[in-house]
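Each value in this text was obtained by applying a stated rule to the coordinates, not by laboratory testing. Bear in mind that the values here come from a model prediction, so they are computed numbers and not experimental data. Cβ sites come from the backbone with ideal geometry, for glycine too, and all protein chains shown count toward neighbours.
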Amino acid sequence: MPNLRELSDDLVQLGNMLDGSAGDLDDEIRDAITEQVGLLEDDLETKVESIVSLIREKKAMHEVRMAEANRLRDLARIDLNTANRLHDWLHFNLKRIGKEKIETPLCKVAVRANSGKQPLDITVANLPTEYTIRRSSTVANKEKIREAIEAGTEVPGVTIKNRGTHLSIR
């Protein structure tokens, strides 16, 4: 069976032959072309059914894999949270009993001071202006742009795009 592209090319070519002839073809040739179009349309329907089945299968597999990925991500998050809680629990208890170092055949654990700059707790509202930085960003006002375009005003830097098409499968 020809692929979808070949089928659509053949149908377009035969359609052009029928449209372009405008009565120049005798009835026998016109009937043969019409019969061939019917056969191609049958093949097209079969091909479309196959493609739609494949699309549905791939979408179903996507859903299954996304569900499994979500399940694994949740389990990984649980594992990481458990490891972090155990780490914090061990740190707390070693500090609590004043033990700074423990060595076992499996590991070495030590409570150490952090390095680097000391952390700051800042309330920006209470800072003098000499210690603040003002930042702003520009964002497009899409509603105002649309209103201007609908009113017939050309807005520099704005191009209206074609909405395009989509395939709906039910």
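If one computes P(r) from the Cα atoms of the stretch 1-70, what percent of pairs lie at distances over 15 Å? Every Cα pair in the stretch 1-70 considered, those over 15 Å come to 64 percent. With each label modelled as a point 7 angstrom along the Cα→C-beta vector, the Ser115-Lys142 pair spans 4.9 nm.
Bridgeable lysines around Lys161 (alpha carbons under 28 Å apart, same-chain partners fewer than 8 residues away excluded): Lys142, Lys144.
Here each label is just a point 7 Å from Cα along the line to Cβ, and for Glu68 and Ile97 those points are 4.5 nm apart.
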